[in-house]
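The structure appears below as structure tokens.
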Amino acid sequence: MYQTFCSESNVSEIIRSLPGEQIRHLTHVKNYVDIITELIVRAGAYPEIKRLGEYKCFGKAAYYHDIGKAWVPVEILSKPDRLTAEEMSLMRKHPLFAEELFKLIRNGSVSGIPSELMQLAHDSAVYHHEWWNGDGYPYGIKCERIPLIARITSVCDVYDAITGDRSYRRARSHEYACSEIKANAGTQFDPVLAKLFLDNEFQFLVN
């Protein structure tokens, strides 16, 4: 399957191959990551990102978090019913597809991601389904071993997945999404980030 990565030479073309709801999701997550990153900086929760100055790139990098879904068949991405076990298994490979794509970007076969975003975009795309307690995928890493941008993306990704319309269900409420983030703080989500999100929840009513 990985040889099909060579069929597109530019990241923008790859993004455009995704269904419309997936592209909107990328934009929403970018916006949410920008918000929570500014909250982190103001709160001094992770002072190292302010020192490095990377936080200004977090939202732009997180835009690419689901780029690996370009290699999941559109009939799976847009399926109106529950996925089969086989379909779910393929869907869960999208971080690995992204990892292969970033190898091609780094060797010059695919263009379109600025160099200052490269590592951050890679980490967001490959690790945003890892869980704080190690029960996530694709590698089962946990806690601070998960890059900070991926931990931030994880919260924002789930929030938008819940509050946005999907092919298989209608959008759920902001309140319901917040209850899910609270319930999964310390298991799925970095507890510091979950608390920061919930303490400032109304700032996320932007999309």
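The values are calculated or read from the model by the stated rules, or taken from the named source; none is laboratory data. Note that the structure is a prediction, hence the values are computed from the model and not measured. So basically every Cβ, Gly included, is an ideal-geometry build from the backbone, and we count neighbours across all protein chains shown. Keep in mind that these areas ignore ligands, DNA and RNA; they rest on the heavy atoms of the full protein, side chains included. Shrake-Rupley method; radii C 1.70, N 1.55, O 1.52, S 1.80 Å.
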Rounded to the nearest 20 debye, dipole of the chain from Cβ charges on Lys, Arg, Asp, Glu
120 debye
Inter-label distance for residue 202 and residue 38, nm, one decimal - labels placed 7 Å from Cα along Cα-to-Cβ:
1.6 nm
How much mean residue ellipticity at 222 nm does the chain get from its helices, if each DSSP H run of length 4 or more adds -39500 (n - 2.57) and you divide by all residues, to the nearest 500 deg cm²/dmol?
-15500 deg cm²/dmol
The chain: most fluctuating residue of 192, 72, 155 per GNM, C-alpha cutoff 10 Å
192
For the chain, accessible area per residue (1.4 Å probe, heavy atoms of protein chains only), Å²
48 Å²
If contacts are Cα pairs under 8 angstrom and at least 6 residues apart, what is the relative contact order of segment 123-207 in percent?
26 percent
Estimated distance in nm for a label pair at residue 104 and residue 169, the labels positioned 7 Å out from Cα along Cα-to-Cβ:
3.3 nm
Build a GNM of the chain with springs between Cα atoms under 10 Å: which of 90, 18, 77 gets the top mean-square fluctuation?
90
Between residue 189 and residues 5 or more places away or on another chain, the pairs with built amide H atoms under 5 Å apart involve 132
Would you give the gap between the C-alpha center of segment 81-96 and the C-alpha center of segment 132-207, rounded to a whole Å?
20 Å
Listed by chain and number, the aspartates and glutamates with an alpha carbon less than 15 angstrom from that of residue 50, same-chain partners under 8 positions apart left out, are 34, 38
Taking the Cα centre of segment 92-207 as origin, sum charge times position over the Cβ atoms of Lys and Arg (+1) and Asp and Glu (-1), and report the length of that vector in debye to the nearest 20.
320 debye
Which lysines, if any, have their Cα less than 30 Å from the Cα of residue 93, not counting same-chain residues under 8 positions apart?
30, 56, 60, 69, 79, 103, 142, 182, 195
Please report, as a whole percent, how much of the solvent-accessible surface of segment 1-117 comes from carbon and sulfur atoms (probe radius 1.4 Å).
50 percent
Of the residues 80, 158, 184, the Cα lying farthest along the dipole of segment 78-190 towards its positive end, which is defined by charges on the beta carbon of Lys, Arg, Asp and Glu, belongs to 80
Length-normalised contact order for the chain - Cα pairs under 8 Å, 6+ apart - percent
22 percent
Computed from the beta carbon distance with a Förster radius of 25 Å, FRET efficiency for residue 183 and residue 118 to the nearest 0.05 stands at 0.15
Using a 1.4 Å probe and ignoring any ligands, DNA or RNA, find the accessible area of residue 169 and quote it in Å² to the nearest 10.
50 Å²
Under a Cβ-Cβ cut-off of 11 Å, what is the net charge of the residues other than residue 88 that fall near it, where Lys and Arg count +1 and Asp and Glu count -1?
+2
